[in-house]
Amino acid sequence: MRHIISLLMENEPGALSRVVGLFSQRGYNIESLNVAVTDDATMSRLTLVTVGDERVIEQITKQLNKLVDVIKLVDLTEGAHIEREMMLIKVRALGAQRAELKRCSDIFRAQIVDVTSSTFTVQMVGTSEKLDSFIQAIGDIAILEVVRSGVSGIARGEKTLSV
Amino acid sequence: MELLSGGEMVVRALQDEGVEFIFGYPGGAVLHIYDAIFNHSDIPHILVRHEQAATHAADGYARATGKPGVVLVTSGPGATNAITGIATAYMDSIPMVVLSGQVQSHLIGEDAFQETDMLGISRPIVKHSFQVKHASEIPGIIKKAFYIASTGRPGPVVIDIPKDLTNPHDKYEYVYPEEMRLRSYQPVTKGHTGQIRKAVNLLMKARRPVIYSGGGVVQGGGSELLVELAQMLNFPVTNTLMGLGAYPGEDRQFLGMLGMHGFYEANNAMHHSDLILAIGVRFDDRVTNTVSKFCPDATIIHVDVDPASISKTVAAHVPIVGPVDAVLAEMVSQVKEAMASGEKTDEEALKVWWDRIDEWRAQHGLWHTPRYKDDSGLIKPQEVIEELWRLTKGEAFITSDVGQHQMYAAQYYRYNKPRRWINSGGLGTMGFGLPAAMGIKLKFPEDDVICVTGEGSIQMNIQELSTCTQYDIPVKILNLHNGYLGMVKQWQDMQYGGRYSQSTYEKSLPDFVKLVEAYGHVGIRITKPEELRPKLEEALAIKDRLVFIDCMIDPHEHVYPMHIAPNGSMRDMWLSKTERT
Ligand SMILES: Cc1ncc(C[n+]2csc(CCOP(=O)(O)OP(=O)(O)O)c2C)c(N)n1
């Protein structure tokens, strides 16, 4: 099962390497990882996507919680949540492809953020699945470069991850 | 306001923390600190002969006292030499603070002379680590390090200190924090009362219970409460390799060690039990044998201070997260309450259970009838340990290295008190025994501290004989001399058709008696069974010298029982070279 684990940790040197190291050390998967400082400069918010059965996920959350730098942790997939990922995709855009790409971007509510005579760069925000479908939808148009931010997420409603 | 340099702060903070010994080795990156030690320190510093030994000595001290051991090493090779000892402490959850020197801040990352990324190298084997960024942080970081190392599930903490931050000319205000609270680290202080109630209900109804207790009970100071609980309930107790001594070895309710080289009665009791009270253990693969076959009928109550230990390899039916002493205390009082209100354990079922256990004991119990005697005319290692146990009345500190001798020392010495059996269980580090013994003997000069070892292991840190000379540390070393890397040979006998690939020394061993004499110690060799007792007595009577007892034993002896693997269950064991269950 795919899980989105989100945590607050001390914004200290070495904290990120402890989290990442834990995954390689114990043989857990990381599908994506996303980290940045929060409104409180002493804390970072890290969100990662991992897969594993119930026992593995339980171990992952326990081991993460055990890291001295980790302040709080939530498995977002356990409750209602919003999940977003941002993608920048640069594609070959020539002739009829330009109109087709424009149409496709509108349908997916993506924006074309950079244009040259032969390329488009499209920006898109959505669930990882939606980003995948966009890539599929543009079919045989040549993809030059894909940059994805990794998933970030937040719980719906009143629930917050804060200290 | 007091102004101190970074180097002076290190020394002062260690003093303020009540540190009794520093085990270390100097080098460029820590010379400012060493100068501060020279000028200001009241703490005895023990100059080892190799940094690995510093970590094991600090570790031995920590295991025997429960207080963090302290290590000071230089950058680069000093730091990397300490790694094995840090990993050893980490695997057995031993509190330790390791101060490593680092190159000057502005050189970090430039592959400077003796630079190594100590935080990176040690990351997977520490509970936490710090790199000092400014000298004024030193007292706070040291306070945090001791707090983290010694609370919750204990473990080693590394503090990496760039040389420039200890410069004697840069002085800052020194204040040692009184208290420590961290928002990201709050170890639990008690167990969940409801969960404990559930557990107690199960205990009162159990028909074939076993208490399976481990290193967590020793480390967590839960030994007395464990004894109280077990005796109130009349339940059998087995200890892991790390837990020996938490329950008195000579008590009727003690089944001996369990696991790969565990006792027949202990492994069978576990396999057939209907309720396991697991305390301060981690269901290690050296205990469980094949997990899918582990104790098929048992309901499992698992108490541990580390939630990540619970249900890691074997799922617990009743998990209880908390310090073992607090949880045991609450269990004891709940059982008392239940008994006061007329509730009883199932005494009839327990009687039947004890009869069965006594049968197992009579069949193959190591302490019931000595099974190792034969007519070879050679000294049997088991007999050596039994004799040692009798002569020291079960009260000595026994450290060990890793191999057959370690298992004999675990099986045949009956530890009546916690913190007396000191061995590297998790990492299995050869070379641990002698330096660990040094750390203990320094703290407990009046006690017998005996390192049980083998020719392979002792040579991994034999240079410490010199440290023992310098600081007058009269430990005893008992070498069970079989002329092989015995445990390797045993596996090669059992699984590789007796092909002794690289497990023999081919007459290259030193004369250990002469060797220790060269260091100024006493060497005694024992070659015949009839010499065993008198020569051991002679060695133990020498209180003020290090004595190395080189005891020539049957080179072909094996450790039994031994779990049958792969695919065996707890009760599947080899009982001798020819008998199996
Ligand atoms: C540092 C290290 N290297 C290798 C091993 C693997 N090993 C485990 S037991 C053993 C043999 C130990 O021989 P010795 O110390 O002579 O003890 P004996 O088994 O003969 O009693 C070896 C090589 C280990 N545990 N630690």
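The values are calculated or read from the model by the stated rules, or taken from the named source; none is laboratory data. Since this is a predicted model, take the numbers as computed values, not measurements. Reconstructed Cβ throughout: ideal geometry from the backbone, glycine too, with neighbour counts over all protein chains shown.
Scan (1) more than 25 Å from B:D355 (Cα to Cα); (2) buried (at least 24 other Cβ atoms within 10 Å of the Cβ); (3) among the aliphatic types (A, V, I, L, M) for the single condition B:L244 breaks and write down its number.
With respect to (1) more than 25 Å from B:D355 (Cα to Cα); (2) buried (at least 24 other Cβ atoms within 10 Å of the Cβ); (3) among the aliphatic types (A, V, I, L, M), B:L244 is out only on (1).
Taking B:Y176, is it in a strand (DSSP E or B), of a type outside the set (A, V, I, L, M) and more than 14 Å from chain A (Cβ to nearest Cβ)? Don't jump to the end; show me each part of the working.
Numbers: in a strand (DSSP E or B): no; of a type outside the set (A, V, I, L, M): yes; more than 14 Å from chain A (Cβ to nearest Cβ): yes.
Criteria not met by B:Y176.
Pick from B:D325, B:D306, B:D285: which is over 19 Å from B:P209 (Cα atoms), buried (at least 16 other Cβ atoms within 10 Å of the Cβ) and either more than 14 Å from chain A (Cβ to nearest Cβ) or over 27 Å from the mean Cα position of the chain (by Cα) (or both)?
On the way: B:D306 fails: either more than 14 Å from chain A (Cβ to nearest Cβ) or over 27 Å from the mean Cα position of the chain (by Cα) (or both); B:D285 fails: buried (at least 16 other Cβ atoms within 10 Å of the Cβ).
Of the residues listed, the single one that is over 19 Å from B:P209 (Cα atoms), buried (at least 16 other Cβ atoms within 10 Å of the Cβ) and either more than 14 Å from chain A (Cβ to nearest Cβ) or over 27 Å from the mean Cα position of the chain (by Cα) (or both) is B:D325.
With B:A87, B:A54, B:A36 as the choices, which residue is of a type outside the set (S, T, N, Q), in contact with a helix residue (DSSP H, G or I) (Cβ under 8 Å, 6 or more places away or on another chain) and surrounded by 24 or more Cβ atoms within 10 Å (Cβ to Cβ)?
B:A54
For the range B:143-173, enumerate the residues that are in a strand (DSSP E or B), more than 13 Å from chain A (Cβ to nearest Cβ) and of a type in the set (D, E, K, R).
B:K171, B:E173 - these are the residues of the range B:143-173 that are in a strand (DSSP E or B), more than 13 Å from chain A (Cβ to nearest Cβ) and of a type in the set (D, E, K, R).
Output the helices (runs of 4 or more DSSP H) that fall wholly within the range B:386-477 and possess 3 or more residues being more than 14 Å from every other protein chain (Cβ to nearest Cβ) and within 11 Å of the ligand (Cβ to nearest atom), or say none.
Numbers: elements: B:404-412, B:433-443, B:455-458, B:464-471.
Output list reads B:404-412, B:455-458.
Can you pull out the residues in the range B:201-233 that are free of Cβ contacts under 8 Å to residues at least 12 places away in the same chain and acidic (D, E)? Give the derivation first.
So in the range B:201-233, the residues free of Cβ contacts under 8 Å to residues at least 12 places away in the same chain come out as B:201, B:224.
The answer is B:E224, and nothing else.
Quick grid of which residues meet (1) more than 16 Å from the ligand (Cβ to nearest atom); (2) basic (K, R); (3) in a loop (DSSP other than H, G, I, E, B); (4) within 30 Å of B:E531 (Cα to Cα):
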position	(1), (2), (3), (4)
B:V303	yes, no, no, no
B:A329	yes, no, no, no
B:L350	yes, no, no, no
B:R361	yes, yes, no, no
B:P370	yes, no, yes, yes
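Please go through the range B:482-508 and pick out each residue that is within 14 Å of the ligand (Cβ to nearest atom) and closer than 23 Å to B:G377 by Cα.
Of everything in the range B:482-508, those that are within 14 Å of the ligand (Cβ to nearest atom) and closer than 23 Å to B:G377 by Cα turn out to be B:N482, B:G483, B:Y484, B:L485, B:G486, B:M487, B:K489, B:Q490, B:D493, B:T504.
Looking only at the range B:3-22, count how many residues are under 15 Å from B:A62 (Cα atoms) and either in contact with a His (Cβ under 8 Å, 6 or more places away or on another chain) or of a type in the set (V, I, T) (or both).
3
Residues being within 14 Å of chain B (Cβ to nearest Cβ), surrounded by fewer than 15 Cβ atoms within 10 Å (Cβ to Cβ) and closer than 17 Å to A:I4 by Cα: count how many of those fall in the range A:24-42.
So the answer is 0.
Out of all the residues in the range B:182-240, which are away from chain A (no Cβ under 14 Å), of a type in the set (S, T, N, Q) and not in a helix (DSSP H, G or I)?
Step one: filter the range B:182-240 for residues away from chain A (no Cβ under 14 Å), giving B:189-240.
Now restrict to residues that are of a type in the set (S, T, N, Q): B:189, B:193, B:195, B:201, B:213, B:219, B:223, B:231, B:234, B:238-240.
Matches in the range B:182-240: B:T189, B:S213, B:N234, B:T238, B:N239, B:T240.
Out of A:T47, A:T77, I need the residue that is more than 14 Å from every other protein chain (Cβ to nearest Cβ), hydroxyl-bearing (S, T, Y) and surrounded by fewer than 19 Cβ atoms within 10 Å (Cβ to Cβ). Which one?
Values: A:T47 fails: surrounded by fewer than 19 Cβ atoms within 10 Å (Cβ to Cβ).
Result: A:T77 is the single residue among A:T47, A:T77 that is more than 14 Å from every other protein chain (Cβ to nearest Cβ), hydroxyl-bearing (S, T, Y) and surrounded by fewer than 19 Cβ atoms within 10 Å (Cβ to Cβ).
Without any contact (Cβ under 8 Å) to a residue 60 or more places away in the chain, away from chain A (no Cβ under 11 Å) and farther than 30 Å from B:L277 by Cα: is that true of B:H134 in this structure? Lay out the reasoning, then the answer.
Details: without any contact (Cβ under 8 Å) to a residue 60 or more places away in the chain: yes; away from chain A (no Cβ under 11 Å): yes; farther than 30 Å from B:L277 by Cα: yes.
When the stated conditions are applied, B:H134 passes them.
Would you point out which residue out of B:R525, B:R545 is among the basic types (K, R), touching a residue at least 24 places away in the same chain (Cβ under 8 Å), more than 16 Å from B:K373 (Cβ to Cβ) and not in a loop (DSSP other than H, G, I, E, B)? It would help to see each step written out before you state the result.
Numbers: B:R545 fails: not in a loop (DSSP other than H, G, I, E, B).
Going through B:R525, B:R545 in turn, the sole match is B:R525.
Looking at (1) assigned to a helix (DSSP H, G or I); (2) buried (at least 19 other Cβ atoms within 10 Å of the Cβ); (3) away from chain A (no Cβ under 14 Å), which one does B:L99 not meet, given that it meets all the others?
B:L99 satisfies all of (1) assigned to a helix (DSSP H, G or I); (2) buried (at least 19 other Cβ atoms within 10 Å of the Cβ); (3) away from chain A (no Cβ under 14 Å) except (1).
For A:R55, indicate whether it is within 14 Å of chain B (Cβ to nearest Cβ) and modelled with pLDDT under 95.
Numbers: within 14 Å of chain B (Cβ to nearest Cβ): yes; modelled with pLDDT under 95: yes.
Yes.
Kindly indicate whether any position in the range B:160-170 is among the basic types (K, R), surrounded by fewer than 18 Cβ atoms within 10 Å (Cβ to Cβ) and touching a helix residue (DSSP H, G or I) at 6+ places or on another chain (Cβ under 8 Å).
No; the residues of the range B:160-170 include none that is among the basic types (K, R), surrounded by fewer than 18 Cβ atoms within 10 Å (Cβ to Cβ) and touching a helix residue (DSSP H, G or I) at 6+ places or on another chain (Cβ under 8 Å).
Return the residues of the range A:3-23 that are within 11 Å of chain B (Cβ to nearest Cβ), crowded, with 16+ Cβ neighbours inside 10 Å and of a type in the set (G, A, S); say none if nothing qualifies.
Hits for the range A:3-23 are A:G14, A:A15.
So if I check each of B:V19, B:V10, which one is more than 14 Å from chain A (Cβ to nearest Cβ), more than 16 Å from the ligand (Cβ to nearest atom) and in a loop (DSSP other than H, G, I, E, B)? Let's see the steps before the verdict.
Details: B:V10 fails: in a loop (DSSP other than H, G, I, E, B).
Answer to the check: B:V19.
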